[in-house]
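All remarks here apply to the structure that follows.
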Amino acid sequence: MTADYQALLQQVREYAKSELADVAQYFDSTEEFPQTQLDKFLELDIFRLLLNEEDQGDSLHAFMEIIRLVSKEFAAMASILLTQGTYAIWPLHRYGTKRQKDAYLEKLVSGEILGAFAKHEAQDEGDLNLMQTTAIETSSGWIINGEKETVSNVTQASLIFVVAKARKLNGDESIGLFLVETNQPGVEIGAPTEKMGIRALPVAPVVFKDVKVDKDAVLGGLLAGKEQVENIFTKIKLAIAMQALGISQGALEKGLHYASLNRNFGKRLIDIENTQLILAEAKAKTFSNCTMLEHVILKHADDPIQVAMAKLAASETASEVTEAIISVTGGYGYMRNNDIERFVRDAKVTSIYGGSSTSQKKLIAKPWLNNY
């Protein structure tokens, strides 16, 4: 990476250790939105990294590294950042028309407004063909109806990217992404959803009742939703994989610190051979996962199969490593007033959102159905 990117990462690293580590437990318990902490990242202008396409992927690499570094201390903050970056800014930058970019892109990058991505529904199982949300074309625009579940950042958002089945005036049907402002009549944001982990990330359902949008509300001006969703979710999964890696690394560091503390009775935990074996295995798994992700980011960041494998491996590693740290720290690790218990809960969420582990396995296996 360039010296500028390295300097930015060092700033993030220091801020995460000096500030985020101290407030993560508070926001986990209160589920408040960490606006002051988000403002720091806006000051660092991290989202502009996603607009740079001329540095052979270094800017994307730097953004993903920020997600990892923040996740080592405060995974929910990383979720807020990756939601704004990969669910809103990157899709608009990649696919938006000039008018759409002029209206929203700089506001999203600066944090003047937040964005959300509404895809998941109660019964769709990740399959766009099962989606019930519709967008019906009229002479003046589109009318959107439907219900979306678990929409990240939506309680704070001003703009929603809505995935819907579109029917044109001539009867043709397709999948489209529609830009919908949250103050539009007919947009109803529900109460925040209670979550096991990543608790400071606001998640809520959204109902669309006869929401009228203009003709140019279609992302990119084209009903190319299937391709757009696949490419967008490839970036989202990559960010979540880096989040999972950060959780693994953060839990391991905290577990090693606790195991190395001097005690007034008996041996330190790290002096016990079984502890050494457990932590060594956790270290090896984390290192292997880190190497895999580095390779995917630098060589295969646009490959949905490679990224699916990276997310599957990273999220499963995060769960395994955090559970291993819990087993080493014993009763201390299960107490709600320390970071380790939070890391276990946060790790489990990475295997669910952005596409479950089951859906990643199906995606990885899909080519075999045609080739063998």
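Once you compute Rg and the Kirkwood Rh from C-alpha atoms, what is the Rg to Rh ratio for the range 91-149?
Looking at the range 91-149, the ratio lands at 1.05.
Determine the distance separating the Cα centre of the range 115-179 from the Cα centre of the range 234-305; give it in Å without decimals.
Cα centres, the range 115-179 to the range 234-305: 38 Å.
How large is log10 of I(q)/I(0) for the chain at q = 0.09, 0.11, 0.14 Å⁻¹ when the intensity is taken from the Debye formula with one equal scatterer per alpha-carbon?
One equal scatterer on each Cα of the chain leads to -0.51, -0.75, -1.18.
How much FRET efficiency would the formula 1/(1 + (r/R0)^6) give for residue 145 and residue 253, where r is the Cβ-Cβ distance and R0 is 45 Å, rounded to 0.05?
0.40
Kirkwood hydrodynamic radius, the range 112-185, all distinct C-alpha pairs: what's the number in Å? Before the final figure, lay out the partial values.
Working: mean 1/r = 0.0777 Å⁻¹.
Taking every pair of different Cα atoms in the range 112-185, averaging 1/r and inverting gives 12.9 Å.
Which whole-number percent is the relative contact order of the chain (Cα, under 8 Å, 6+ apart)? It would help to have the intermediate numbers written out before the result.
Numbers: 650 pairs, mean separation 61.5, N = 372.
Answer for the chain is 17 percent.
Using a/c under 1.5 as the rounded threshold, could you call the range 59-212 rounded, prolate or oblate? The axes a ≥ b ≥ c are square roots of the C-alpha gyration tensor eigenvalues, and prolate needs a/b larger than b/c, oblate otherwise.
Judged from the Cα gyration tensor, the range 59-212 comes out prolate (a/c at least 1.5, a/b above b/c).
Would you please calculate the Kirkwood hydrodynamic radius of the range 166-316 over all C-alpha pairs and express it in Å, rounded to one decimal?
For the range 166-316, inverting the mean 1/r across all distinct Cα pairs yields 19.7 Å.
Ignoring everything but the protein chains, give the 1.4 Å probe accessible area of residue 167 in square angstrom, nearest 10.
100
If a/c stays under 1.5 just call it rounded; otherwise compare a/b with b/c (prolate if a/b is bigger, oblate if not). Do that for the range 240-372, with a ≥ b ≥ c from the square roots of the Cα gyration tensor eigenvalues.
prolate
Express in nm, to one decimal, how much length is gained between residue 138 and residue 262 on full extension, taking 0.36 nm for each residue of separation and deducting their alpha carbon distance.
Stretched fully, the residue 138-residue 262 segment lengthens by 37.5 nm.
Sort 186-194, 64-72 by packing, meaning the average of other beta carbons within 10 Å per residue, with the highest value first.
64-72, 186-194
Hey, can you grab everything whose amide H is under 5 Å from the amide H of residue 118? Only 5+ residues off in sequence or another chain; H modelled, so Pro and N-termini drop out.
HN-HN under 5 Å from residue 118: 161, 162, 163.
Enumerate the amide H contacts of residue 166 below 5 Å, restricted to partners 5 or more residues apart or on another chain; note that Pro and chain-start residues carry no placed amide H.
135, 174, 175, 176
Work out, step by step, the length gained on full extension between residue 215 and residue 291: first 0.36 nm times the residue separation, then minus their alpha carbon distance; give nm to one decimal.
Here the segment from residue 215 to residue 291 would lengthen by 22.8 nm.
In what sequence, highest mean first, do 282-288, 2-8, 246-252, 81-87 appear when ranked by Cβ atoms within 10 angstrom?
Peptide ranking by packing, descending: 246-252, 81-87, 282-288, 2-8.
As an exercise, use a Förster radius of 45 Å and the Cβ-Cβ distance of residue 305 and residue 196 to find the FRET efficiency, rounded to the nearest 0.05.
Numbers: r = 29 Å, r/R0 = 0.64.
Here the calculated transfer efficiency is 0.95.
The values are calculated or read from the model by the stated rules, or taken from the named source; none is laboratory data. What you are looking at is a predicted structure, and each value in this text was computed from that prediction instead of being measured. Glycine also receives a Cβ, built like all others from the backbone with ideal geometry; neighbour counts cover every protein chain displayed. Note: areas computed on protein heavy atoms with side chains; ligands, DNA, RNA excluded. Shrake-Rupley method; radii C 1.70, N 1.55, O 1.52, S 1.80 Å.
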